[in-house]
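Take a look at the structure below.
The values are calculated or read from the model by the stated rules, or taken from the named source; none is laboratory data. A quick note: this is a predicted structure, and the numbers were derived from the prediction, not measured. Methodologically, a virtual Cβ is constructed for each residue, glycine included, from the backbone with ideal geometry; neighbour enumeration extends over all protein chains shown. Heavy atoms of the whole protein, side chains included, go into the accessibility calculation; ligands, DNA and RNA do not. Shrake-Rupley method; radii C 1.70, N 1.55, O 1.52, S 1.80 Å.
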Amino acid sequence: MGDPKKPKKKWEGPRHPWRKEVLMQELELIGRYGLRNKRELWIAKTILRKIRASARRLLALPMEVRKKEERDLLNRLYRMGIIPSPELPLDEVLNLTVESILERRLQTIVYKKGLAKSLYHARQIIVHGHIAIAGVRVTSPGHLVKRDEEELIGYAPTSPYYEKSKG
């Protein structure tokens with residue numbers, strides 16, 4: 001049968017974990033976006049770090065080589081909802097912050113659409129299975145919502161919230 005593989009981490013912790021300004025900034029972001037712990041913040045930072053690294057790699061290539069890959073990266077970021085337009089210059093990708101990733105979390109979008117009273121309430125109703133995207137129940141508050149999925153977010157058909165919203 002073999003040994004089961006260990007799951008791969010989706011995040012990297014901070015390189016200098018005890019710097020006061022970083023700790024205060026992380027604590028403020030956790031409160032503003034209703035995150036459960038710093039690991040959720042580190043996941044968002046890792047996603048942003050990989051996006052910025054690929055943009056830097058593309059900027060180092062010659063212009064004729066990077067055209068297609070640059071267009072693919074910008075289209076992917078646009079579909080994810082991280083950048084406002086696919087015609088954005090590649091230099092603007094380097095100006096992205098962790099807030100642009102945290103704004104695309106399901107928890108934040110459910111709160112901003114008015115389906116929940118607070119960020120913490122949004123987290124609870126997602127975990128308890130009251131939120132669906134296009135009729136499919138999603139129970140992960142950290143799910144990154146794509147641009148075309150955003151208008152499909154609503155209450156799950158089996159949820160009591162669904163009945164209240166219809167009445």
Residue tally, condition within 18 Å of the chain's Cα centre (by Cα) and not in a loop (DSSP other than H, G, I, E, B), over the stretch 56-98 = 12
Members of the stretch 141-153 found to be surrounded by 15 or more Cβ atoms within 10 Å (Cβ to Cβ) and touching a strand residue (DSSP E or B) at 6+ places or on another chain (Cβ under 6 Å), listed by number | Gly142, Glu149, Ile153
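Against the condition under 27 Å from Trp42 (Cβ atoms), of a type in the set (Asp, Glu), open to solvent by less than 70 Å² (accessible area, probe 1.4 Å) and without any contact (Cβ under 8 Å) to a residue 24 or more places away in the chain, how does Glu92 come out, does it pass?
Working: under 27 Å from Trp42 (Cβ atoms): yes; of a type in the set (Asp, Glu): yes; open to solvent by less than 70 Å² (accessible area, probe 1.4 Å): no; without any contact (Cβ under 8 Å) to a residue 24 or more places away in the chain: yes.
So Glu92 fails the test.
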How do the pairs read when you match residues in the stretch 26-45 that are within 13 Å of Leu106 (Cβ to Cβ) with residues anywhere that are modelled with pLDDT of 95 or more and open to solvent by 60 Å² or more (accessible area, probe 1.4 Å), using Cβ under 6 Å and keeping only pairs 6 or more apart or on different chains?
-> Gly34/Tyr120
Members of the stretch 70-85 found to be surrounded by 14 or more Cβ atoms within 10 Å (Cβ to Cβ), out of contact with any Ser or Thr (no Cβ under 8 Å at 6 or more places or on another chain) and more than 17 Å from Glu149 (Cβ to Cβ), listed by number | Glu70, Leu74
Going through (1) over 25 Å from Arg39 (Cβ atoms); (2) in a helix (DSSP H, G or I) one by one, Ile126 fails only at (1)
For the stretch 154-166, does any single residue satisfy the condition of being within 18 Å of Gln107 (Cβ to Cβ), open to solvent by 70 Å² or more (accessible area, probe 1.4 Å) and part of a loop (DSSP other than H, G, I, E, B)?
-> no
Among the residues of the stretch 14-27, is there at least one that is surrounded by 11 or more Cβ atoms within 10 Å (Cβ to Cβ), under 19 Å from Gly142 (Cβ atoms) and of a type in the set (Lys, Arg)?
-> no
How about the stretch 108-140: which of its residues are open to solvent by less than 70 Å² (accessible area, probe 1.4 Å), free of Cβ contacts under 8 Å to residues at least 40 places away in the same chain and of a type outside the set (Gly, Ala, Ser)?
-> His121, Ile125, Ile126, His130, Ile131, Ile133, Val138
Those residues that are open to solvent by 50 Å² or more (accessible area, probe 1.4 Å) and either in contact with a Lys or Arg (Cβ under 6 Å, 6 or more places away or on another chain) or not in a helix (DSSP H, G or I) (or both), I need them from the stretch 28-55; list them, please.
-> Arg36
